[in-house]
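Please read the structure below before turning to the comments.
Every number in this text was worked out from the coordinates using simple rules, so none of it is lab data. All of these numbers come straight from a predicted model, not from anything done at the bench. Note that we place each Cβ from the backbone using ideal geometry, even for glycine, and neighbour counts take in every protein chain shown.
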Amino acid sequence: MDAIVVDGGRPLTGTVRVGGAKNSALKLMAAALLAPGVTTLRNVPDISDVAVMAQVLERLGAHVTRTDHTLTIDATTLTSHEAPYDLVVQMRASTCVLGALIGRVGRAHVAMPGGCNIGSRKVDIHIAGLEHLGVTISTEHGYIDASGPAHGARVALDFPSVGATENLLMASVLADGETVIDNAAREPEITDLAAMLNEMGASIAGAGTPTIMVTGVAALSAVDHTVVGDRIEAGTYLVAGALDSGPVTVTGFDPAHLDIVLQKLEHMGCLVVRSADAVTISREGPIRPVDIQTLPFPGFPTDLQAAFMALLSLADGGAVITENVFENRFIFADEIARMGADIRIDGHYALVRGVPALSGAPVRSPDLRGGAALVLAGLVAEGRTVVTDVHHIDRGYEGFVEKLRCLGAAVNRIDISDPDAAQSPSGGANA
């Protein structure tokens, strides 16, 4: 029952380094199941989602060891093909073991997914794609039961689903024949997965484009791979710098992975300086309003929509945010409205009218990205903000409080069962 307490008004400046991408590391962990032997993953973030995925792999018979930010996954022998409900319900990404298990053992029994309550995110696209590969699938009693083997085929996705693309890649790399995935997801995390699979001996071409071609191979080998930097974590800290004026430098990621986000920040009046693996952001004038619509990569990422809603809530004018990916992603608006934001929701549109200032308030983290955005809002709000349900934030941000404090923020994590904790200064040591 922890909470994050923020005292607004402290200037933010300095440098923060992001970790490995959550949305890549989880899928690479699943991909390690495809090869007998010991796979090493480096730059793995120490977050709760990674811990859950490690438990999933352990249930399947793999052995997972963490040393600092390095994971070793021994998948020499798998003893089960079932990903149980008690783990999958905690994290939707664990369904990516579906494709890996089909590829490795030809069977999978995977619970229907859980995760943040930001939309239905049905697995219909995954199932339809795998059926095109010849996999027999049934769904009953809350589980997906799949049996192979898979064979090469042409699959056209109705939507460029990241999860479906990943499952199809992992199911097809060891299949007979050639697989073509049309309307494939193009996210950097897809490119990272394909890169690791190729290092393992797969034959994949076109990752990062709408058409991916996979030629099945007989076997894969364990490898040593470094996870790509987390563009969403980077975007979160860049928004923090934009809210407070900076300068804030964020390192450890490829700025090309945030190209449209950086363009939007520039249009909002920020000075953005790019280098090979870092971005520095600062702002002198008012925040200018810009319209945003979320789309699959290379469009604006839905995972940064809440952070930008917080930024636009202080803009000099009104803007429209259009959410095209998840229908429930605007639940964040109700919480930031408690801080004085002026936001009206109409279907998948949010009209954000900038206000002169936000006020600190008790708020609840509605999901992973919304929770982080509430903390960002608290950084510039007048007074104290207390964010509860921070276990959502733990799913995707390692050392979130510590990194913000390195930038000068007055932020602290407390045990809310302690009646005196919320009254203590936010600049003190973590509880």
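List of remarks:
- Note on the stretch 1-97: with charges restricted to the Cβ of Lys and Arg (+1) and Asp and Glu (-1), its dipole about the Cα centre is near 340 debye.
- Amide H contacts under 5 Å for A62: T79, restricted to partners 5 or more places along the chain or on a different chain, H placed in the peptide plane at 1.01 Å from N.
- Residues in the stretch 251-266 carry Karplus couplings, in order, of 10, x, 8, 8, x, 4, 6, 10, 4, 5, 5, 5, 4, 4, 4, 5 Hz; the curve used is 6.51 cos²θ - 1.76 cosθ + 1.60 with θ = phi - 60°, and Gly or Pro positions show x.
- In terms of Cα atoms, the Rg and Dmax of the stretch 69-201 work out to 14.2, 38 Å.
- For the stretch 23-98, the square roots of the Cα gyration tensor eigenvalues, ordered a ≥ b ≥ c, give a/c of at least 1.5 with a/b no greater than b/c, which places it in the oblate category.
- Among A205, L374, A93 the positive-end extreme of the charge dipole of the chain (Cβ point charges): L374
- For the pair V320 and C406, the difference between a 0.36 nm per residue extended length and the Cα-Cα distance amounts to 27.7 nm.
- Using just its DSSP H runs of length 4 or more, each adding -39500 (n - 2.57), the chain gives a mean residue ellipticity at 222 nm of -8500 deg cm²/dmol after division by all residues.
- Cα gyration tensor shape for the stretch 282-410, rounded if a/c is under 1.5, else prolate or oblate: rounded
- In terms of packing, defined here as the mean over residues of other Cβ atoms within 10 angstrom, the peptides 269-281, 83-95 line up highest first as 83-95, 269-281.
- Taking a ≥ b ≥ c as the square roots of the eigenvalues of the Cα gyration tensor, the stretch 217-356 is classed as oblate, since a/c reaches at least 1.5 and a/b does not exceed b/c.
- Residues Y349 and D158, FRET efficiency given R0 of 25 Å [Cβ-Cβ distance, rounded to 0.05]: 0.60
- Amide proton proximity set for F300, modelled H, under 5 Å, gap of 5+: L295
- For I204, I232, I416, I181, order by how many other beta-carbon atoms lie within 10 Å, fewest first: I416, I204, I232, I181
- Converting phi to 3J(HN,Hα) with the Karplus coefficients 6.51, -1.76 and 1.60 and the offset θ = phi - 60°, the stretch 332-338 yields 4, 4, 4, 6, 6, 5, 5 Hz in sequence order, with x at every glycine or proline.
- Descending by average beta-carbon neighbour count within 10 Å, the peptides 298-309, 254-265, 365-376 line up as 365-376, 298-309, 254-265, the highest first.
- Magnitude of the charge dipole for the chain, about its Cα centre and with charges confined to Cβ atoms of Lys, Arg (+1) and Asp, Glu (-1), is about 380 debye.
- Across the stretch 180-239 the C-alpha pair distances fall into 10 Å bins from zero in the proportions 22, 42, 27, 8, 1 percent.
- Selection among G129, I47, T72 by position relative to the dipole of the chain gives I47 as farthest towards the positive end (Cβ unit charges, Cα centre).
- Of V18, T139, P247, farthest towards positive along the dipole that unit charges on Lys, Arg, Asp, Glu beta carbons give the chain: P247
- Contour excess over end-to-end distance, with Cα ends at E178 and M112 and 0.36 nm allotted per residue: 20.9 nm
- Residue of Y237, Y397, Y349 that the Gaussian network model of the chain assigns the largest fluctuation, springs spanning Cα pairs under 10 Å: Y349
- Placed amide H near V228: partners under 5 Å, 5+ positions off or other chain: A21
- For D244, D158, the sequence from fewest to most other C-beta atoms within 10 Å is D158, D244.
- Surface/4 of the Cα convex hull for the chain, nm²: 18.8 nm²
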